[in-house]
Every structure is written in structure tokens, then in C-alpha cells.
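Trainee: Encoded as C-alpha cells, here's the structure I'll be asking about.
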Amino acid sequence: MNLQHRWAEANPWLGTGPIPVEPYISPAYYEKEKEKIFKRVWLCVAREAEVPQPGDYKVKRIAAGDTSAIIVRGKDGKVRAFHNMCSHRGNTVVTETGEETYGASRAGVMTCRFHGWVYGADGALKQVPQEGRFFACFDKADNGLAPIHCDIWQGFVFINLAAQPEESLMSFLGGYADHVAGYDFSALTYHYHYHTMLNCNWKVAHDAFAEAYHVDTIHAGSFPNTFSSGIQNVKLMGPHRTCAVCLTLGANPTPIGTLAAEKARGSLTLRAAESRLPPTINPDRRSDFAFELSVLFPNTLVHVSDGIWFTHQFWPVAHNQTLWEGRYYVQTPQTHSARWALEQAIILQRNAWLEDTATMEDTHRAMQSGAKQVQFLQDDEILIRHGAAVVDQYVQA
Amino acid sequence: MSEIILPPGFEALAVHAEWALDTPDERHRARLASTPARLEAFYNGILPWLEKILEELDRFPLGALPESHHALFNLAFAVIEVAPHVELYRSSPGVPFAFEELRFVAAHGGQPTWAGRPPAEMRR
């Protein structure tokens, strides 16, 4: 085996050639991605814990699916999803205040503010003012909210916008579910949430986070004592993919970082005292393991480490615009000093994300120049190569 | 300079009153609007006190910090916002080679941190 090219040798079907730029900048290609990916595959839209009580809801805009989804917990405790559209004349039932809107109804109802039509948390149309003045063609019983297929895995809420999904959520997750199922995501609920609208294609954003080759350069500012020792344990599982990111730590922690490390585990650059990771994650128990970087197709990155897990999500808004969301989950602090230590970790993490996102709009703008038609990937950029291949398979199908 | 309330023994930190800010967004904007000299003065002024400050704050349960300690808490959290700039970025007020910082939204940015609420509350 040629160690320099080990991932390519293990996955010969992916080839080693250059990757075309066109799919990143073409509006026509994006239209196909909407139809063949975002309107057809399972999309991770929430944590179940975001709607803990009956009547709690979250509305999430899915621009790439041309809709907004209401995720709501019914009086029976079941989480369901519906299109946010009134059966009357199409107004949004829940008034949206942005990309994500949260709310709660103790009565378990949602009322359209246009004419006061009332829907239950199970989607049924319960009340229509002046109902008698409508005509025989209209029956309240047939005009609940339009349902969206919804299922839950490990506390993650997924929707599928297809009228009839081609496969179940578990079938779609396939080997990915087996790979990370042993990790207790629900044990960590305390989290930080950042978001921004990026003027770039969603795959530009995905790619920038899907390799560790950039650590030594892009993060020379925020993590100067941290060097990538490459990725390990690459596993491609249907449309999904994963690897272990390994980092070598230098010997010069900052004064603030040293103090924070004594108070709580918040930073990925700290070694965990002992590993409680499932045997599928860092199977060789490498000492330089920092976190598992997995891509849940199409647009969710799930990273796991000891006592920390975090996600990046890339929601296409247009061919050249992407909503990025980062959520970073840690152990709930019990003291002010532990809370302080977590703040130290998240501020440095935010700065690293600012370094990551810095390249994205520049990359997209340069791609649009048409000056180069391809990009070249090295072996450790295998997740990007796999991502491009999978997206194209779906688009060409 | 605005006046702040500090617990006994910490009165000397009153010179850093401008950094006693309640929310992540306020601390972020203050750091961006600062100067290398002011960042260094604040960082160097707080660092020797930090262990003692955290010890003092830990006398109270999370979420039950009396008003007398809000400013002390705020100073300890502001130094986190400032520290990378002094320790790693040659005292530059902005993160070097970064995305436009104010376009990056923290969901918890407007929350007074001393209140001890989870930064992203599951139910809003």
C-alpha cells in the first residue's frame, strides 16, 4: 500500500482525478440538487429536545425544498412535521421571524393570524370562523395541515419532503447509524448556537469543514500549537462518510487556556482524561485523536469527542447563498468557574469558525470567475471527493 | 468612566469598569472597538486576579449570583473575549484573517451571562 494514497487505494471507485467547479456555481445544477436531493432525502432539522413539551414547535425554513416545516410535539407526545401553510388561502400558519422560529402552545393549537383558522398539534383543522359561509367543496375534516414525513433517530428529528419517501430513515442512514449509534448524544444538551448567511454555494461550505489539511494554515491564529496529524479511519457508508481528525498538540498553552483546562472540558484541543467513546469511534484509541468528523448526507456534519459533540449544517438558500449553523454541545456546568471555562472554549472555537468561514465567500467568488474549471484534491481530502461523487450520483440519477 | 460595584477586596479592578459588560454581544463589540494598548492593559490587569475572581464567584450557585458580583463576573468573562487577541493575535482587536465578525450571530448574544441560563435554551 502506498501510504500517501491509502484512501484512494481503499476506494478505487472514487478515482483520483480533478473535481469540476461547475456544480458549485451553476444555477441549473442547484435546481437539480433541490429536486433530486433536498426534496427527496431525509434531512436533519432539529433535536427532539428542542420541542420538549406537548404544544412546543419549531418552524424551520427549507429554501432548498421551497417550504417551511413546522416540527411540533402533539398532546400524545409524538413529534410530527407539517408544511407551514394554511388550508384557507395559503398564509403561513405560524408567523416566521427568521430561518428558525420557536414557539409553544399550552393548548396544543396553532392559529393562523390571517383569518383565525385553528389547527391542532396533530395537524387537524379544528376551527374555522364563519365556517357556515364556506361551500360544499370545503370539508374541515379533509383540510388539516399538509403533513411532512417525519422520523427520529438518536434524538435527531428528520423530515423527508417527498410525497412518498423512497426509503425509511433507518434504511437511508444505513451503516452511518451503526457507526455512531453508541454515542450518547442526549447526555449533553447544554449548547451554544451560532449562525450566519454565507454568500457561497453550500458545497463550498461543506468542503471547507470536511478536511483537516487546512488546520496548520487557516488556524495558525487561534490554534498555533496544534498541528494536523492527518485523518484516520476513513469510512464511506452509502451517501454518508466519516473519519477521525487527529491533532498533535504543542507544548505552549496560553495562561487563560491553562486555567480553563483545570475547570472544565470544553475544548477539542484538550485531552480527555479517559475515553468513553463507543468502540466504532477511534477504534485504535490513538492518543492524538481529537474528534470524529462525520457527514450525514446531504448537509449535516456531526462531530463527536469525549464530553463534546457539535454539528455544522449547510442549508442552501440559493446556488450562491447558504445558511450555516453551528451547534456545540458540552457537559452542563455546575459552577461559575466551569461556566467560565466553557466560555473560554467556545470563544476560541467561534474564532476558529470565523477563520473557517473567512475562505468560503472568497472561494465562491473566485470560482465564479471561470478562471479555473477544476479543483485538485489530495488523498486526505477524500471526504470532499466522496461528497462530490455522491451529489453528482443523485443529480444524474 | 462609569462606576461599578465590586465585592470587598476587588475594588482595585474598578479601573476596568468599561469591560464590565453583561452580554456576549456587548463584550464582542467592545473588543472589536478597542485598541491594542487597551486590550493589553485590561488583560494584564485581570490575569493575576483570575483565580481569586473564580474562587469568589464559586461561593454562589450558578444562576444565583447577587448583584454585588455581576461586575466581577462580567470582567472575568470579558477577559475571555480579549485573551486570544493578546495571547495569540499580537493584540489585534479583530480576529486576523477572519470572516466579517458582526455577521456571525450568537443565539445567546443578547443574554446576560451572569443570569446563568443555558446559552441556547431548548425551549424558547
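Quick note: the coordinates plus some simple rules give every number you see, no bench work behind them. Bear in mind the structure is a predicted one, so any value in this text is a computation, not a measurement. With ideal geometry, Cβ positions are generated from the backbone for all residues, glycine too; neighbour counts draw on all protein chains shown.
Trainee: Counting only other chains, what is the mean number of Cβ atoms within 10 angstrom of the Cβ of each residue in peptide B:59-68?
Mentor: On the way: counts 1, 2, 3, 8, 2, 0, 1, 0, 0, 0.
Across the residues of B:59-68, the mean count of other-chain Cβ atoms within 10 Å is 2.
Trainee: Under a point-charge model restricted to the Cβ atoms of Lys and Arg (+1) and Asp and Glu (-1), what is the dipole moment magnitude of region A:118-242 relative to its Cα centre, in debye to the nearest 20? The partial results should precede the final answer.
Mentor: Values: 6 positive and 12 negative charges, 48 e Å.
Value, rounded to 20: 220 debye.
Trainee: Please report Rg over Rh for the protein assembly as shown, where both radii come from the alpha carbon positions and Rh follows the Kirkwood definition. Please list the in-between numbers first.
Mentor: Working: Rg = 24.5 Å, Rh = 24.8 Å.
Answer for the protein assembly as shown: 0.99.
Trainee: Once amide H atoms are placed 1.01 Å from N in the peptide plane, what residues at a sequence separation of 5 or more from residue B:95, or on another chain, have their amide H within under 5 Å of its amide H?
Mentor: For residue B:95, whose amide H was placed from the backbone, there are no distant partners under 5 Å.
Trainee: For region A:240-317, take N as its residue count and report Rg(C-alpha) divided by 2.2 N^0.38 Å. Numbers along the way, then the final one.
Mentor: Details: Rg = 14.2 Å, N = 78, 2.2 N^0.38 = 11.5 Å.
For region A:240-317, the normalised Cα radius of gyration is 1.23.
Trainee: Follow-up. For chain B, which longest stretch is free of loop sites, where a loop site is one of the GluC sites (Glu not before Pro) that DSSP puts outside H, G, I, E and B and that has at most 16 other Cβ atoms within 10 Å? Could the numbers behind the result be given before it?
Mentor: Numbers: sites that count: B:3, B:100, B:121.
Free of exposed loop sites, the longest segment is B:4-99.
Trainee: Further question: Express the relative contact order of region A:43-173 as a whole percentage, based on alpha carbon pairs under 8 Å and six or more residues apart in sequence. Can you show the working numbers first?
Mentor: Working: 249 pairs, mean separation 33.6, N = 131.
Relative contact order for region A:43-173 comes out at 26 percent.
Trainee: For Cα pairs less than 8 Å apart in space and 6+ apart in sequence, what is the mean separation divided by the residue count of region A:259-397, i.e. the relative contact order in percent? Each step should come with its number before you reach the end.
Mentor: Details: 125 pairs, mean separation 30.2, N = 139.
22 percent.
Trainee: Working out 0.36 nm times the residue gap between residue B:40 and residue B:90, then minus their Cα-Cα distance, what length gain in nm do you get to one decimal? It would help to have the intermediate numbers written out before the result.
Mentor: Details: separation 50, 0.36 × 50 = 18.00 nm, distance 0.97 nm.
Full-extension gain reported as 17.0 nm.
Trainee: Among A:198, A:169, A:14, which one moves the most in a GNM of chain A with springs linking Cα atoms closer than 10 Å?
Mentor: Looking only at A:198, A:169, A:14, the largest GNM fluctuation is found for A:14.
Trainee: Can you give the helix-only mean residue ellipticity at 222 nm for chain A, where every DSSP H stretch with n ≥ 4 adds -39500 (n - 2.57) and the sum goes over all residues, rounded to the nearest 500 deg cm²/dmol? Don't skip to the end; give the middle numbers.
Mentor: Working: 10 runs with 96 residues, N = 397.
Here the helix-only value at 222 nm equals -7000 deg cm²/dmol.
Trainee: Evaluate the relative contact order of chain A (contact order divided by residue number), counting alpha-carbon pairs under 8 angstrom at least 6 apart; express in whole percent. Please report the intermediate quantities before stating the final value.
Mentor: On the way: 736 pairs, mean separation 82.7, N = 397.
About 21 percent, as a whole number.
Trainee: Karplus couplings for region A:238-243 from phi (6.51 cos²θ - 1.76 cosθ + 1.60, θ = phi - 60°), rounded to Hz, Gly and Pro as x?
Mentor: Residue by residue, region A:238-243 yields x, x, 9, 7, 7, 7 Hz.
Trainee: Given the C-alpha centroids of region A:84-144 and region A:306-322, what is the distance between them in whole angstrom?
Mentor: 31 Å
Trainee: In the Gaussian network model of chain A, springs joining C-alpha atoms below 10 Å, which of A:193, A:336, A:312 carries the largest mean-square fluctuation?
Mentor: A:336
Trainee: Along the charge dipole of chain A, pointing to its positive end and built from +1/-1 on Cβ of Lys, Arg, Asp and Glu, which listed residue (A:84, A:314, A:11) has its Cα farthest out?
Mentor: Positive-most Cα among the choices belongs to A:84.
Trainee: Sticking with this structure for a sec: Could you give the dipole magnitude of the protein assembly as shown about its Cα centre, charging the beta-carbon of Lys and Arg +1 and that of Asp and Glu -1, in debye to the nearest 20?
Mentor: Numbers: 46 positive and 58 negative charges, 235 e Å.
Around 1120 debye, computed over the protein assembly as shown.
Trainee: Gaussian network model of chain B, Cα springs within a sub-10 Å range: biggest mean-square fluctuation belongs to which of B:27, B:90, B:59?
Mentor: In the Gaussian network model the winner is B:59.
Trainee: Per chain A: cysteines with no other Cys C-beta under 4.7 angstrom?
Mentor: By the Cβ distance rule, which asks for a partner under 4.7 Å, the isolated cysteines are A:44, A:137, A:150, A:200, A:243, A:246.
Trainee: Related question: What number does region A:43-173 give for Rg over Rh if you use C-alpha atoms and the Kirkwood radius? Don't skip to the end; give the middle numbers.
Mentor: Details: Rg = 14.7 Å, Rh = 15.1 Å.
Reported Rg/Rh (Cα atoms, Kirkwood Rh): 0.97.
Trainee: Provide a whole-number value for the mean count of partner chain Cβ atoms within 10 Å of the Cβ atoms in peptide A:185-197. It would help to have the intermediate numbers written out before the result.
Mentor: Working: counts 0, 0, 0, 0, 3, 5, 7, 7, 7, 7, 5, 7, 2.
Per-residue shielding by partner chains comes out at 4.
Trainee: What FRET efficiency comes out for the pair residue A:395/residue A:130, r = Cβ-Cβ distance, R0 = 51 Å, nearest 0.05? Don't skip to the end; give the middle numbers.
Mentor: Details: r = 48 Å, r/R0 = 0.93.
Result of the calculation: an efficiency of 0.60.
Trainee: So what is the diffusion coefficient of chain B in µm² per second by Stokes-Einstein at 25 °C and 0.890 mPa s, using a Kirkwood Rh over Cα pairs? Please list the in-between numbers first.
Mentor: Numbers: Rh = 15.2 Å.
Answer from the Stokes-Einstein relation: 162 µm²/s.
Trainee: Here's something else I'd like to know. What is the set of long-range amide H partners of residue A:226 at a cut-off below 5 Å, with H atoms built 1.01 Å from backbone N?
Mentor: For residue A:226, the qualifying residues are A:250.
Trainee: For region A:43-173, with only Lys/Arg (+1) and Asp/Glu (-1) charged at the beta-carbon, what is the dipole magnitude about the Cα centre, in debye rounded to 20?
Mentor: On the way: 14 positive and 15 negative charges, 102 e Å.
Dipole about the Cα centre, nearest 20: 500 debye.
Trainee: What distance in nm separates the two pseudo spin-label positions at residue A:168 and residue A:11, each 7 Å out from Cα along the beta-carbon direction?
Mentor: Result for the modelled spin labels: 2.7 nm.
Trainee: Hey, another quick one. Taking θ = phi - 60°, what integer Hz values does the Karplus form 6.51 cos²θ - 1.76 cosθ + 1.60 yield along region A:168-180, in sequence order, with x for Gly and Pro?
Mentor: Those phi angles translate into 6, 4, 5, 5, 5, 5, x, x, 4, 4, 5, 5, 10 Hz.
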